[in-house]
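Novice: Here it is: the structure, laid out below.
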Amino acid sequence: MAERLDGTVALVTGASSGIGEATARALAEHGAAVALVARRRDRLEALADEITQAGGRALVIEADVTDQAQAADAVERAVRELGRLDTVINNAGVMLLGPIENAPVDEWEQMVNLNLLGLLYVAHAALPHLLRAAQDGPRRVADLVNVSSVAGRVAREGSGVYNLTKHGVGAFSESLRQEVTRRHVRVALVEPGAVATELMSHNRPEIQQSAGERFRDVERLEPGDIADAIAYMVTRPRRVAVNEMLIRPTEQQG
């Protein structure tokens, strides 16, 4: 049975589009006040207006989480302006595919900076607040959900550094889970397969074409499908921890 999130505060990174936007909307519908974190303020403001008009509460925080100071400030603003922090969805990420040979190294740096360092910075800043929420919050449990990928399970040609970052997210999540689970901070990993988001559009044209051919006959997931899974994880009773969830389109083989 799902539990309401009334009286709690959630922070979602990458909330300006895709999975982050859908997840922020879902958590607000479950009663959480939501801190919306991303770089595109105009999109965040539109989402905040939507949540507010539906009777919810939302805070717009324009920030680049690859900058440690901005990541820490985003967390502190959420706590200061919304009163606490019970749930963190580490969703911001980038997927830049292609061969390792002769790859543009700046693409690797972008993925390491956002998929790993940005996630780490947010988790580091949020953890003291999550531990506090698990002790004195209305639900006496807190949640950190890290959004990974099928690429965090299986390495494939053409996605080596993306694989590296997502495998790292999985390893970090499991280590932290073991560290804090007895204090009722639940650390979860979500691993989506192919989802209809902006991720692929950030790639070079030739990469977009080859990836498009691979999934040409696959009905991709919608961002709301992943948001539903995340909402399921964080609305479980205190005694239940869903540690990991792999979600692929029915027609996706690998």
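Novice: Scan region 5-19 and tell me whether some residue there is buried (at least 17 other Cβ atoms within 10 Å of the Cβ), in contact (Cβ under 8 Å) with a residue 60 or more places away in the chain and more than 16 Å from the chain's Cα centre (by Cα).
Specialist: Yes, region 5-19 has at least one match.
Novice: Now for a different question. Any residue that is part of a strand (DSSP E or B), β-branched (Val, Ile, Thr) and farther than 18 Å from residue 193 by Cβ - is there at least one of those in region 158-177?
Specialist: Within region 158-177, none of the residues are part of a strand (DSSP E or B), β-branched (Val, Ile, Thr) and farther than 18 Å from residue 193 by Cβ.
Novice: Restricting to region 56-84, name every residue that is closer than 28 Å to residue 112 by Cβ and surrounded by fewer than 16 Cβ atoms within 10 Å (Cβ to Cβ).
Specialist: If the condition is that a residue be closer than 28 Å to residue 112 by Cβ and surrounded by fewer than 16 Cβ atoms within 10 Å (Cβ to Cβ), then 67, 68, 69, 73, 76 are the ones that fit.
Novice: Next up: Please indicate, with yes or no, whether at least one residue in region 110-123 is more than 21 Å from residue 192 (Cα to Cα) and surrounded by fewer than 24 Cβ atoms within 10 Å (Cβ to Cβ).
Specialist: Yes; the residues of region 110-123 include at least one that is more than 21 Å from residue 192 (Cα to Cα) and surrounded by fewer than 24 Cβ atoms within 10 Å (Cβ to Cβ).
Novice: Sticking with this structure for a sec: In the list 139, 80, 84, 156, which residue meets the criterion of being out of contact with any strand residue (DSSP E or B) (no Cβ under 8 Å at 6 or more places or on another chain) and within 20 Å of residue 233 (Cβ to Cβ)?
Specialist: 139
Novice: Moving on. Kindly provide the set of residues from region 4-21 that are among the aliphatic types (A, V, I, L, M) and touching a Pro at 6+ places or on another chain (Cβ under 8 Å), ordered by number.
Specialist: Scanning region 4-21 gives a single hit, 19.
Novice: For region 139-178: of the residues being among the acidic types (Asp, Glu) and either touching a Phe, Trp or Tyr at 6+ places or on another chain (Cβ under 6 Å) or within 21 Å of residue 229 (Cβ to Cβ) (or both), which is surrounded by the fewest Cβ atoms within 10 Å (Cβ to Cβ)?
Specialist: Taking the candidates together, the pick is 174.
Novice: Continuing with the same structure: Any idea how many residues of region 154-175 are over 18 Å from residue 107 (Cβ atoms) and either at pLDDT below 95 or among the acidic types (Asp, Glu) (or both)?
Specialist: So the answer is 2.
The values are calculated or read from the model by the stated rules, or taken from the named source; none is laboratory data. If you're wondering where the values come from, they're calculated on a predicted model, not measured in any experiment. Cβ sites come from the backbone with ideal geometry, for glycine too, and all protein chains shown count toward neighbours.
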